[in-house]
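Nothing in this text is a laboratory measurement; each read-out follows from the coordinates by a stated rule. The structure presented is a predicted model; accordingly, all values stated were derived computationally and were not measured. So basically every Cβ, Gly included, is an ideal-geometry build from the backbone, and we count neighbours across all protein chains shown.
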Amino acid sequence: MTDFLLELRSEEIPARMQAGARADLEKLFRKEMQAAGVAVGAVTVWSTPRRLALIARDLPLATEAVREETKGPAVTAPEQALEGFLRKTGLTRDQLEVRDVKGKDTYFAIVEKPGRAVSVVLAEAIPAIVRAFPWPKSQRWGAASISTESLRWVRPLSGIVAILGEDLVECEVGGIRSAYTTKGHRFHHPDEITIGGANDYADKLRACHVIVDHEERQDLVRTKAREAAEAAGLTLVEDEGLVIENAGLTEWPVPLLGRFDEDFLEVPPETIQLTARVNQKYFVCEKDGQLADAFVCTANIVASDGGEGIVAGNRKVLAARLSDARFFWEQDRKTPLSQHAKKLERITFHEKLGTVADKVERVAKLAQWLASEGIVPGCDPAQARQAAELCKADLVTEMVGEFPELQGLMGGYYARAEGLPDAVADAIRDHYKPVGAGDDVPTAPVTVALALADKLDTLASFFEINEKPTGSKDPFALRRAALGVIRLISENGLKFPLLRGFDFALPEIRRDSGNFTDNSRKNLAKKGMDKGMHLVMGNTPSIVVYKRFGGSEDKYSQVAIELLDFFADRLKVQQKEAGVRHDLIDAVFALGGEDDLVRLLARVHALQAFVETEDGTNLLAGYKRAANILKKEDWSGQDDGIEHTGDEDPLENVDDPDMQAVYAAELAEQAAHKGLSYTPEKAEKALIDALDSAEPKAAAAVAAEDFASAMAALASLRQPIDAFFDEVTVNDPDPSKRTARLALLDRFRAAVHNVADFSKVEG
């Protein structure tokens with residue numbers, strides 16, 4: 001067993017590509033070795049700006065001999081089949097073996113491959129790896145580049161080191177032959193270095209001012225930059241992305257502290273930090289929590305003057321950049337945000353949705369409505385509208401044109417600079433939040449109203465024009481917008497029925513959703529006036545009325561349906577990531593008709609706490625037993641002993657299966673309360689009494705949104721249902737007893753379903 005070293009040296013590799021290149025090099029190496037039958041153990045991959053290096057430990061010196069057997073056609077198969085098999089294996093007929101396979105003579109090809117020296121395998125693998133390397137961007141160079149078949153690499157490839165143990169693996173790629181030699185630091189040691197093998201590679205490079213281990217360079221940048229700031233009495237603003245980038249730009253990192261003109265601090269601190277970070281790759285520093293007039297740059301050499309010349313040069317370049325930022329800041333403030341906002345009329349938001357100014361007007365109406373309806377408590381409607389009208393104005397400023405990352409943030413600064421209320425300025429600044437899973441959720445009322453309005457308008461607008469996410473494609477970030485709405489509502493505890501929001505947010509339509517309260521929906525549902533009008537939430541239809549009785553269906557109803565469906569899916573994803581069991585989410589979604597996220601989540605969390613208790617586990621078992629009996633008996637609740645007019649089926653004129661279920665539950669409940677024609681058994685009577693007590697308690701608790709108490713009411717049914725199954729025969733020979741007991745079980749099932757659909761709960 002021995003170690004193998006491979007170094008691919010080139011001109012500077014962009015820092016952003018180095019992590020991917022390391023992963024690709026190991027992947028390609030393992031693939032080539034596996035194809036050749038070489039067992040590979042530990043592999044280490046390093047990168048610097050000028051090289052990729054791989055060390056594979058404990059490789060064998062030779063591959064083992066391999067005997068391969070390939071089954072061919074039957075002896076009686078057509079001649080063409082045999083000819084194709086011979087071409088595939090490269091053998092002749094007399095080299096094949098004939099074996100009996102299930103009573104049929106069948107050809108087999110036996111190929112014995114002798115072992116090969118691993119050095120030979122590597123000599124073939126290295127060119128294959130280089131030519132197959134998937135750089136995001138690559139180039140051809142030199143005289144050979146006239147041909148499209150010439151070698152491609154991220155930057156011109158200049159050297160290959162390939163050593164197995166102490167022996168050179170001889171190979172050639174694009175005219176570059178492998179060798180024992182590499183080069184050290186471009187300035188400190190530009191001459192060639194002779195490498196003995198994997199064991200002395202890192203040490204010899206270190207002696208020549210190259211730290212080949214990228215993680216070690218990252219630690220150096222992280223530590224030395226912090227020490228440089230602390231030596232000046234400052235605190236480094238940590239930035240892990242900048243640490244990785246600086247380590248990827250240097251082979252011998254030397255962080256140095258520099259100062260810039262204090263007058264530049266009048267520019268917003270985020271602007272200074274972004275200018276230093278994006279344009280110059282500098283860290284910034286703070287003093288007492290405020291941005292300081294200092295930066296930390298990372299040199300690639302140990303300068304003889306201690307770095308004074310390097311710092312002076314970097315200070316000069318940074319000053320030019322900060323001068324531009326200060327110019328933008330001063331110019332932008334000469335024009336009020338309201339005047340900037342007028343320019344939005346010239347910017348298209350989407351060809352089917354008008355300009356950004358059109359979007360701003362929709363958002364303003366929606367934000368004002370959220371405030372005036374009390375959906376966002378404590379929000380001033382006038383301030384909500386003012387913030388919305390100005391929230392996109394900074395998109396046309398010079399500063400945001402230079403640094404798009406500052407949109408929203410600069411609008412907040414400009415608003416504060418012209419004396420607008422702090423609540424308005426803060427709302428403009430933070431209205432894009434939350435952007436990602438780790439982003440803070442706004443809590444200030446005006447900010448919440450604006451952030452919610454902006455995201456709802458985006459969702460409603462793109463769903464209206466049928467630009468919905470498909471598969472992995474989401475060009476307008478609608479999934480992120482939906483998660484943002486969910487977090488804004490849930491983390492602020494907003495009582496916000498989403499359907500009302502959709503009705504108001506959908507462009508060009510402002511329906512009076514006040515007429516469609518929960519009670520009116522239920523009343524219309526009982527009268528059968530809403531047949532065919534359903535909202536699918538999760539996988540279960542629930543009744544939602546989108547049209548007035550006798551009216552025509554609104555064309556935007558389907559958009560609202562799809563939007564709530566979309567939110568249901570996003571909420572499932574979010575809650576699963578938060579550790580909520582998927583089956584419990586389904587159990588609550590299956591109830592249907594719920595568009596208040598706070599109430600829905602409270603029910604889910606109460607259900608999770610309940611099913612993890614002994615009472616919850618046993619009640620679930622009792623529920624499933626009851627459901628199985630009812631399913632086996634094909635129980636629908638019609639044959640309940642209740643007197644009806646004539647012989648008509650009370651469900652005969654109800655086509656919708658969900659409405660049938662509603663009626664059946666009501667009829668079953670009536671049957672269970674109806675006087676029995678026999679004296680119930682003790683356990684039977686106990687279950688009836690328990691239901692009489694638990695049903696109103698659970699219903700009242702659900703109405704009060706006290707779902708923990710609703711679960712506690714269900715818990716009281718656990719012992720009676722257990723005793724019922726132990727002591728009572730459901731399928732009694734007496735038809736009246738059998739019917740009454742099935743109705744009782746149906747009543748028990750319906751009582752549980754008022755809190756959650758336990759059929760969706762696993763266990």
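What's the center-to-center distance, using Cα atoms, between the stretch 96-138 and the stretch 1-70 in Å?
19
Going through the stretch 111-152, which trypsin sites (Lys or Arg not before Pro) have at most 10 other Cβ atoms within 10 Å and a DSSP loop state?
Sites meeting the loop and neighbour criteria: LYS137.
Kindly provide the trypsin sites (Lys or Arg not before Pro) of the stretch 34-88 that DSSP labels as loop, not H, G, I, E or B, and whose Cβ sees at most 13 other Cβ atoms within 10 Å.
Working: sites: ARG50, ARG51, ARG57, ARG67, LYS71, ARG87, LYS88; in loops: ARG50.
When the trypsin sites (Lys or Arg not before Pro) of the stretch 34-88 are filtered for loop state and at most 13 Cβ neighbours within 10 Å, nothing remains.
So what are the ³J(HN,Hα) numbers for the stretch 261-272, from phi and the Karplus equation (6.51, -1.76, 1.60; θ = phi - 60°), rounded to whole Hz, Gly and Pro as x?
Taking θ as phi minus 60°, the curve returns 4, 4, 4, 5, 5, 6, 6, x, x, 4, 5, 5 Hz for the stretch 261-272.
List every residue whose amide H lies under 5 Å from the amide H of ALA294, counting only residues 5 or more places away in sequence or on a different chain, with H placed 1.01 Å from N in the peptide plane.
For ALA294, the qualifying residues are PHE260, CYS285.
Which parts of the stretch 420-451 would a label at ARG333 reach, counting a residue when its backbone N lies under 14 Å from a point 7 Å out along Cα-to-Cβ?
Answer for this model: 420.
To the nearest Å, what is the center-to-center distance of the stretch 680-755 and the stretch 449-505, using C-alpha atoms only?
Going from one Cα centre to the other spans 40 Å.
Under 15 Å from the Cβ of GLY378, count the other residues' Cβ atoms, weight Lys and Arg +1, Asp and Glu -1, and hand me the total. Don't jump to the answer; show the numbers that get you there.
On the way: positive: LYS495; negative: GLU373, ASP380, ASP422, ASP426.
It works out to a net charge of -3.
Are there DSSP H segments in the chain that both extend 30 Å or more along their axis (alpha-carbon positions) and score a mean Kyte-Doolittle hydropathy of at least -1.0? List them, or say none.
15-35, 308-333, 557-577, 682-703
Would you work out if the chain is rounded, prolate or oblate? Take a ≥ b ≥ c from the square roots of the eigenvalues of the alpha-carbon gyration tensor; rounded if a/c is under 1.5, else prolate when a/b is larger than b/c, oblate otherwise.
oblate
Work out the FRET efficiency for GLU614 and ALA704 from their Cβ-Cβ distance, taking R0 = 45 Å, and round it to the nearest 0.05.
Step by step, r from the Cβ atoms, then E = 0.95.
Under a 5 Å amide H to amide H cut-off, with H placed in plane at 1.01 Å, what residues pair with ARG50 once short-range neighbours are removed?
ILE13
Return the subset of LYS281/LYS455; LYS343/LYS468; LYS204/LYS224; LYS31/LYS88; LYS224/LYS316; LYS287/LYS365 for which the Cα-Cα distance in this structure is over 31 Å, preserving the input order.
LYS281/LYS455; LYS287/LYS365
Order of GLU83, GLU594 from fewest to most other C-beta atoms within 10 Å?
On the way: GLU83 12, GLU594 19.
The most exposed by this proxy come first: GLU83, GLU594.
Rounded to whole Å, give me the distance from the Cα center of the stretch 225-240 to that of the stretch 410-424.
Going from one Cα centre to the other spans 31 Å.
Net charge near LEU5, counting Lys/Arg +1 and Asp/Glu -1 over other residues with Cβ under 12 Å of its Cβ?
Computed value for this residue: -2.
Restricting to DSSP loop positions (anything but H, G, I, E, B) with no more than 15 other Cβ atoms inside 10 Å of their own Cβ, which GluC sites (Glu not before Pro) remain in the stretch 283-357?
Sparse-neighbourhood loop GluC sites (Glu not before Pro): GLU351.
Let me know the volume per residue of the alpha-carbon convex hull for the stretch 1-119, in Å³.
Expressed per residue, the convex hull around the Cα atoms of the stretch 1-119 is 164 Å³.
Can you show me the helix-derived [θ] at 222 nm for the chain, built from DSSP H runs with n ≥ 4 at -39,500 (n - 2.57) apiece and divided by the number of residues, rounded to the nearest 500.
Result for the chain: -15500 deg cm²/dmol, rounded to the nearest 500.
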